[in-house]
Amino acid sequence: MKQTIEQQSLAGKSLLSLQDLTKEEILYVLDLAAELKKQNKKGELIQPLAGKTLGMIFEKSSTRTRVSFETGIYQLGGMGLYLNSKDLQLGRGEPVADTAKVLSGYLDAIMIRANSHKMVEELAAHATIPVINGLTDLFHPCQALADLQTILEYKGTLDGVKLAYIGDANNVANSLMIAAAKTGMQIRIASPAGYQPLTEIVEKAREISDDPDFLLITESPEEVAAGADVLYTDVWTSMGQEEEAQARLTAFQGFQVNETLMDSAASDAIFLHCLPAHRGEEVAAAVIDGPQSAVFQEAENRLHAQKALMLAVMGK
C-alpha cells in the first residue's frame, strides 16, 4: 500500500484516545480500513505484519475486542498473545513501568483493555512500542473508529453528520465527542442529571472543534433525536457497575431508544450500539432488530478498523 505522510506519522505511535490522532490520521486509518475490508470480502489476504506479535492484556473480559484483535493480527500475518492480567506478574503487584519495559523487549505492540485510564497512560509512558487502548474507564477509541467507519459507509461523509447519543455518558460517549470534534460531525448527547459527560472531556472536545455549536448536552432524548442522522446508545449499567443497576434503571427511565425516537430522526437515520445490548432497556427490540439498525455491520467494522490501526502503527 502506498505510504503517506499520515502513515509515516502513525508508525510507532500509541493510541490512548482519539485526541492522540490528527483529523488527517483518523481519515487515513478509515481509508485504510475500507481498503482492508474490501480485500477481506474478496478473499485477498495481505500479510504485511508477518513475524510481528501483539500482546493483548485483558483486565476486563470481552467478545468483540478480543476476537477482532486476535483475528485481525492473524489476518495481517502476525500473532496475538492473550494475556489475562491475573496470569501476569502485573496482577501480582509488579510495577506497571517494569511490565511495560519487559513486554517492550518481547512484543511489537500492546493492546490493553483496562479498568483505569491512568494505568494505561503509565504503561504507554514506559513502553517503547505502541500501546493501543482497547477500553478504559474514560475512552474507547477503537470502538469510535469502527463507528466512524460505519457512518461513512452509510452516509458517505462525516462532515456535518448529526449524531445523537442517548443514555449514559460513558467512555463510548467520551470517545464519540472527541471523534465528532476531530471530524466535523455534530453530536447531541441526552443523559439524565448525574450521568452527563465529564466537564474535562467536554472542555477538551470544545477546544478541538472549530464549530462552537458542534456539541449539545441536554436531558431531553426527544431534542437530540429530532432530525438526527445517527442514533446511538449503550447499556445503562456497564461492567463493574452492577451494584448501581437498580438506581440506574430508575434514572434512565425515558431514555430508551424506541420506535418513536427513531421516527423523529431523519428518514434515512441509522441506529448504532457498541454491544452487548439489553433489549427492552436502553433499546427496543424493534429498533435494534429493525431495518435501520447497523449494529452488526458496526461490530464487524471493529475488525477492519483495528486491522488498519495495527498496520498503521506496527507496519513499516
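Just so you know, in the stretch 272-291 the residues that are surrounded by 15 or more Cβ atoms within 10 Å (Cβ to Cβ) and of a type in the set (D, E, K, R) include one that is farthest from the chain's Cα centre (by Cα), and it is Glu281. Residues in the stretch 1-35 that are part of a loop (DSSP other than H, G, I, E, B) and of a type in the set (A, V, I, L, M, F, W, C) were compared, and the one that is nearest to the chain's Cα centre (by Cα) is Leu16.
Among the residues of the stretch 29-54, the one identified as over 16 Å from Ala305 (Cβ atoms), among the polar types (S, T, N, Q) and surrounded by 15 or more Cβ atoms within 10 Å (Cβ to Cβ) is Thr53. The residues in the stretch 97-129 that are over 24 Å from the mean Cα position of the chain (by Cα) and either free of Cβ contacts under 8 Å to residues at least 40 places away in the same chain or outside the structural domain of Ala308 (by TED's automatic domain parsing) (or both) can be counted, and the count is 7.
Quick check on Lys38: is it at pLDDT 95 or above, in a helix (DSSP H, G or I), over 30 Å from Val202 (Cα atoms) and not assigned by TED's automatic domain parsing to the domain that holds Val202? For Lys38, the condition - at pLDDT 95 or above, in a helix (DSSP H, G or I), over 30 Å from Val202 (Cα atoms) and not assigned by TED's automatic domain parsing to the domain that holds Val202 - is met.
Which of the following residues is in contact (Cβ under 8 Å) with a residue 24 or more places away in the chain, under 21 Å from the mean Cα position of the chain (by Cα), farther than 30 Å from Leu16 by Cβ and in the same structural domain as Gln149 (by TED's automatic domain parsing): Ala269, Ala228, Ala294? Let's see the steps before the verdict.
On the way: Ala228 fails: farther than 30 Å from Leu16 by Cβ; Ala294 fails: farther than 30 Å from Leu16 by Cβ.
That would be Ala269, the only listed residue that is in contact (Cβ under 8 Å) with a residue 24 or more places away in the chain, under 21 Å from the mean Cα position of the chain (by Cα), farther than 30 Å from Leu16 by Cβ and in the same structural domain as Gln149 (by TED's automatic domain parsing).
When Ala33 is tested against (1) within 14 Å of Val313 (Cβ to Cβ); (2) modelled with pLDDT under 95; (3) small (Gly, Ala, Ser), exactly one condition is not met: (2). Just wondering, is there one or more residues in the stretch 246-253 that are at pLDDT below 95, of a type in the set (S, T, N, Q) and more than 19 Å from Val172 (Cβ to Cβ)? Yes, the stretch 246-253 contains a residue that is at pLDDT below 95, of a type in the set (S, T, N, Q) and more than 19 Å from Val172 (Cβ to Cβ). Residue check: Gly134 meets all listed conditions (1) outside the structural domain of Ala251 (by TED's automatic domain parsing); (2) surrounded by fewer than 24 Cβ atoms within 10 Å (Cβ to Cβ) but one, namely (2).
Could you go through the stretch 150-161 and let me know if any residue there is of a type in the set (D, E, K, R), under 16 Å from Phe271 (Cβ atoms), touching a strand residue (DSSP E or B) at 6+ places or on another chain (Cβ under 6 Å) and touching a residue at least 24 places away in the same chain (Cβ under 8 Å). Outline the logic, then answer.
Of all residues in the stretch 150-161, those of a type in the set (D, E, K, R) come to 153, 155, 159.
Checking the rest, the ones that are also under 16 Å from Phe271 (Cβ atoms) come to 153, 155.
Next cut, touching a strand residue (DSSP E or B) at 6+ places or on another chain (Cβ under 6 Å) only: none.
No, the conditions are met nowhere in the stretch 150-161.
Checked against the criterion of being assigned to a helix (DSSP H, G or I), surrounded by 15 or more Cβ atoms within 10 Å (Cβ to Cβ) and at pLDDT 95 or above, the candidates Ile57, Ile73 yield just one match: Ile73.
Here are Asp159, Asp147: which of them is at pLDDT 95 or above and not in a helix (DSSP H, G or I)?
Asp159
Among the candidates Asp213, Asp268, Asp229, the residue that is touching a Lys or Arg at 6+ places or on another chain (Cβ under 7 Å) and closer than 21 Å to Lys162 by Cβ is uniquely Asp229.
The values are calculated or read from the model by the stated rules, or taken from the named source; none is laboratory data. All values derive from a computational prediction rather than experimental measurement. Counting neighbours? That spans all protein chains shown, and the Cβs are built from the backbone with ideal geometry, glycine included.
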